[in-house]
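> Before I ask anything, let me first share the structure, which is written out below as structure tokens.
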């Protein structure tokens, strides 16, 4: 039995031992489109529906989530990997008891670790499935190898796009890179678009139509539309005050948009097969380490 097979068997055992969390990955083709805001506000809306939620900030080098949370984490994923901390040590609890894990630069070095170390990390990460119903992974923007690894590992990808021409072209470039990744599976991963910073709902639908026309013609990726988040001065005000708008002003039009999108994601037809956190990370590790 090779090393990859041993790891897979350990992960299967972990997955049978506890319920699996739903892992949702939020991404974008370029920065500045509201990706992290989307991650946080969806987390708040899921909490309002009674779901236990943890956000993993995988946007290395940028601390958008912790800034918006108004909380500085004491530890990050590096401390789990290299300093022997356990998973509960590295969770920072934010507004409405949304958990937050800073990725640091820890995940980038995981493929170089020994088998025993990987097993230790996967077993720790698997504990998140017992702590959370939904885990939201906030990736970096763009088409770096690190971002693509996260997307390939995810069964559920939310692509945040704005009407800016560069956002549309960069979103298409991201989907093109994803479709060409050797481990991307159209059967296992679903991509859903959120139109952000639009003036009205019809503009969001038109934006999706424009992008979907080229995606369906050239890429053959399953690509659906979740909804729009409209331009909102209340959202900008909340960002300046380091508060999710869904908490600060639940009746703001952007809050109501996030509420609708979260409700749609909780609809039975939108739920994909749960992979759990151990399965999510093992996909990244075994792919990078053992091909």
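Where a number appears in this text, it was derived from the coordinates with a stated rule and is not lab data. This structure is a prediction, so every number in the text was calculated from the model and none was measured. Glycine gets a Cβ as well: all are built from the backbone with ideal geometry, and neighbour counts include every protein chain shown.
> Could you give the nm distance between label points at residue 210 and residue 237, where each point is 7 Å from its Cα heading toward the beta carbon?
In this crude spin-label approximation the distance works out to 3.0 nm.
> Would you mind getting me the FRET efficiency between residue 52 and residue 200? Use the beta-carbon distance for r and R0 = 25 Å, nearest 0.05.
0.15
> What order, most packed first, do the peptides 23-29, 162-168 have when packing is the mean number of other Cβ atoms within 10 Å of each residue?
Per-residue mean Cβ counts within 10 Å order the peptides as 23-29, 162-168.
> Moving to a separate point now. Send over the Kirkwood Rh of the stretch 137-237, from the inverse of the averaged 1/r over different Cα pairs, rounded to one decimal Å.
It is 14.0 Å.
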